[in-house]
Amino acid sequence: MAYRSLQSILERAGLVTPAQFRDWNIAWRAAVDGGSTETQLAFFAREGGQTEDQFLQKLAAALDWPFVELGKNTIEDKIRKRISTKVAFQYSVFPVQDLDGVLQVATHNPFDPAMQAAVQFDAKGPVQYGLASKMDIEKALKKYYGVGAETLDEMAEDEPMELIVGDDREITGDDQDASVIKFVNQVVWEAFKERATDIHFEPSEDELRIRYRIDGILHQTPLPPQIKRYQAALISRIKVMAGMNIAEKRLPQDGRINVRIKGEEIDIRVSTVPTVWGESVSLRLLTRGKIFFGLDKLGFGAAEDAAIREMIIKPHGIFLVTGPTGSGKSTTLYAFLSTINSVTKRIITIEEPVEYELKGINQIPVRGEIGLTFAVGLRHILRQDPNVIMVGEIRDLETAEIAIRASLTGHLVFSTLHTNDAPSAFTRLIDMGIEPFLVASSVEAVMAQRLVRTICPHCRVPQKVDRDYLLRVGFPEAEIDSTTFLKGLGCEECRQLGYQGRTGIHELLVVGESIRPLVMNRAPASHIAQVAKQGGMRTLREDGWRKVKAGITTIEEVLRVTQTEEHIRSLVAEEKSFGK
């Protein structure tokens, strides 16, 4: 479309004045010359202080074109195939429907002649354009074509494809290698954008499944059906990136990747294990550059926050954080260290692995293959004149004994244990073989924690919850009438889940004079818990109710992460009566 024609259309739509068009067009061309890939219309929308949706809706009205909301449409497979994967991704267009032989195609950049020619060639017939935001089109492309579909098409064109390893022979092609690298990067970048913490490549007989863990829940990623053909190449590429032996497919391996994608630095821990249908690969994403470890970000109540700040500046003692894998224990310990880190304190950690590097803190990675275990490392740390020690996990008697000895000789020790609640930490240490009097005299505090998903702020609405149900699950009766219960309806921002992000719920047990005698006398965890509650300890579920009352999370989410074995059956039945 000619320059003058575009200007007149935008002026008629009330989107620009002649002076704005002239000035913005000059600025846009300068940005393109500087490497920007932003389209002219997107640039104009931003300069005019409008969202792309608002801008395109006005433009569609001026052109008498439809504005297409792709999220509300179901696209038939035969329609999708009218436009090739390559053209769809290259020009960010999406086929919507067939209108009596006319193919409707959504675009966010309708005046690109190269796009028009490519779409016309693929459609092999008349085309009607509709406008849609670039974000909506990209979501639809991912949903219907699959992540990295255009890259797989490129790989299919570059035969031979597979990386063949065997007999000390590796057959590759430059174009193929570039496509494999591009696809892996796309998968990692997509996971990063979705806030995933893990990526799992899981082979089966007839497919290669890729799943992301987002906010603690696994989600399957839409993928092109031909992905299985490239399983060996993709897994080999990941192993090369992680410094693994690509010829060894019978034994588990571990590695690490540091990548930079679109300006973002991402550290990735890689683990492979052999399965019946090939190697299963798990990637843990660590975004070191963006993490800020502050106590105020962890969701503590005012009382817990004050108590914790008092505990972590003590000169000696042990502070334990407990919970299952994935409950945020390491993040909490990093927050403790970041809070007290100063030039006057020598802080040394031993971890498996070192997940985040903290400036000013000496961090030692466990390396079991050469004999550097938690116990060995901890023993040598004590010769390094530390003020504060962080042990990634107390797993055995030897590590526990050294940690307790360190706390009793004037060191503050932070560590983790795998127990379900705070009181159980004492019985776990005693069961390991530690004398009860040593546990009682060294442990200053234990904190159990879980992570609950937070309600999506973009789609949260009030909901009605049955009063009898609330009483059965233990919600405080006195607070029912004063609480507005919320839930997420599900929207594009939260992947239709109703949740976005996570926060912690905590159970802090500060060891005082009423607790120490119980520990020394080997009292059961249930008795310790009872006394601690009388002293003001708030249990995990009670802290969860506090966050429900504050509108942060839902009843069902608190129940999901705080169920104990005796509650599971009744809660499953009770879920059916939960208010919709």
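On the basis of being farther than 24 Å from Ala307 by Cα, open to solvent by 30 Å² or more (accessible area, probe 1.4 Å) and over 27 Å from the mean Cα position of the chain (by Cα), does Arg467 make the cut? Criteria met by Arg467.
Being modelled with pLDDT of 95 or more, over 29 Å from the mean Cα position of the chain (by Cα), open to solvent by less than 10 Å² (accessible area, probe 1.4 Å) and hydroxyl-bearing (Ser, Thr, Tyr): is that true of Ser415 here? No; evaluated as a whole, the condition is false for this residue. Name the single residue, out of those in the stretch 422-441 being crowded, with 21+ Cβ neighbours inside 10 Å and touching a residue at least 60 places away in the same chain (Cβ under 8 Å), that is nearest to the chain's Cα centre (by Cα). By that ranking, first place goes to Ala422.
Scanning the stretch 249-283 for residues that are exposed (fewer than 13 other Cβ atoms within 10 Å of the Cβ) and in a loop (DSSP other than H, G, I, E, B) turns up Arg250, Leu251, Pro252, Lys262, Gly263, Val276. The set of residues in the stretch 44-74 that are part of a loop (DSSP other than H, G, I, E, B), of a type outside the set (Asp, Glu) and within 29 Å of the chain's Cα centre (by Cα) comprises Thr51, Asn73, Thr74.
Every test in (1) over 30 Å from Gly498 (Cβ atoms); (2) buried (at least 20 other Cβ atoms within 10 Å of the Cβ); (3) not aromatic (Phe, Trp, Tyr) is passed by Glu205 save one, and that test is (2). If I filter the stretch 69-91 for residues that are crowded, with 21+ Cβ neighbours inside 10 Å, among the β-branched types (Val, Ile, Thr) and either free of Cβ contacts under 8 Å to residues at least 12 places away in the same chain or under 22 Å from Leu10 (Cα atoms) (or both), do I get at least one hit? Scanning the stretch 69-91, I find no residue that is crowded, with 21+ Cβ neighbours inside 10 Å, among the β-branched types (Val, Ile, Thr) and either free of Cβ contacts under 8 Å to residues at least 12 places away in the same chain or under 22 Å from Leu10 (Cα atoms) (or both), so the answer is no. Would you point out the residue of the stretch 528-541, among those that are without any contact (Cβ under 8 Å) to a residue 60 or more places away in the chain and not β-branched (Val, Ile, Thr), that is nearest to Arg428 (Cα to Cα)? Result: Gln530. Reported count of residues in the stretch 339-374, each being more than 24 Å from Arg256 (Cβ to Cβ) and of a type in the set (Gly, Ala, Ser), is 1.
Take the stretch 75-92 and flag every residue that is touching a helix residue (DSSP H, G or I) at 6+ places or on another chain (Cβ under 9 Å) and either part of a loop (DSSP other than H, G, I, E, B) or of a type outside the set (Ser, Thr, Tyr) (or both). Scanning the stretch 75-92 gives Ile75, Asp77, Arg80, Arg82, Ile83, Ser84, Lys86, Val87, Ala88, Phe89, Gln90, Ser92. Residues that are touching a residue at least 40 places away in the same chain (Cβ under 8 Å), among the charged types (D, E, K, R) and in a helix (DSSP H, G or I) within the stretch 329-388 comprise just one, Lys329.
Table: residues versus (1) at pLDDT 95 or above; (2) of a type in the set (A, V, I, L, M, F, W, C); (3) open to solvent by less than 30 Å² (accessible area, probe 1.4 Å); (4) under 33 Å from the mean Cα position of the chain (by Cα).
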| position | (1), (2), (3), (4) |
| --- | --- |
| Gly474 | no, no, no, yes |
| Glu492 | no, no, no, yes |
| Gln496 | no, no, no, yes |
| Gly501 | no, no, yes, yes |
| Leu509 | yes, yes, yes, yes |
| Lys533 | no, no, no, no |
| Gly536 | no, no, no, no |
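One residue stands out in the stretch 476-490 among those that are under 26 Å from Asp215 (Cβ atoms) and aliphatic (A, V, I, L, M): the one that is surrounded by the fewest Cβ atoms within 10 Å (Cβ to Cβ), namely Leu489. When the residues of the stretch 226-248 are filtered to those that are open to solvent by 40 Å² or more (accessible area, probe 1.4 Å) and more than 15 Å from Leu208 (Cβ to Cβ), the one that is nearest to the chain's Cα centre (by Cα) is Met241. Residue under question is Phe67, and the condition is that it be of a type in the set (Phe, Trp, Tyr), out of contact with any Pro (no Cβ under 7 Å at 6 or more places or on another chain) and farther than 27 Å from Asp122 by Cα; does it hold? No, not satisfied.
Residues in the stretch 389-429 that are in a helix (DSSP H, G or I) and aliphatic (A, V, I, L, M): Leu397, Ala400, Ile402, Ala403, Ile404, Ala406, Leu408, Ala425, Leu429.
If only one of Pro274, Pro222 is of a type outside the set (Val, Ile, Thr) and modelled with pLDDT of 90 or more, which one is it? Criteria check complete, one pass: Pro274. Of Gln40, Gln104, Gln57, all but one fail to be within 30 Å of Tyr144 (Cβ to Cβ) and in contact with a Gly (Cβ under 6 Å, 6 or more places away or on another chain); the exception is Gln104. Pro95 - would you say it is outside any loop (DSSP other than H, G, I, E, B), within 21 Å of Ala60 (Cα to Cα) and open to solvent by less than 20 Å² (accessible area, probe 1.4 Å)? So Pro95 passes the test. Among the residues of the stretch 489-509, none qualifies, meaning not one is in a helix (DSSP H, G or I) and of a type in the set (Phe, Trp, Tyr). Taken over the stretch 511-524, residues that are open to solvent by less than 20 Å² (accessible area, probe 1.4 Å) and in a helix (DSSP H, G or I) amount to 1.
All conditions in (1) aliphatic (A, V, I, L, M); (2) without any contact (Cβ under 8 Å) to a residue 12 or more places away in the chain; (3) under 26 Å from Lys297 (Cα atoms) hold for Leu471, with the sole exception of (3).
The values are calculated or read from the model by the stated rules, or taken from the named source; none is laboratory data. This structure is a prediction, so every number in the text was calculated from the model and none was measured. Note: ideal-geometry Cβ built from the backbone for every residue, glycine included; neighbour counts use all protein chains shown. When the accessible area is computed, the model is the full protein with side chains, heavy atoms only, and any ligands, DNA or RNA have been set aside. Shrake-Rupley method; radii C 1.70, N 1.55, O 1.52, S 1.80 Å.
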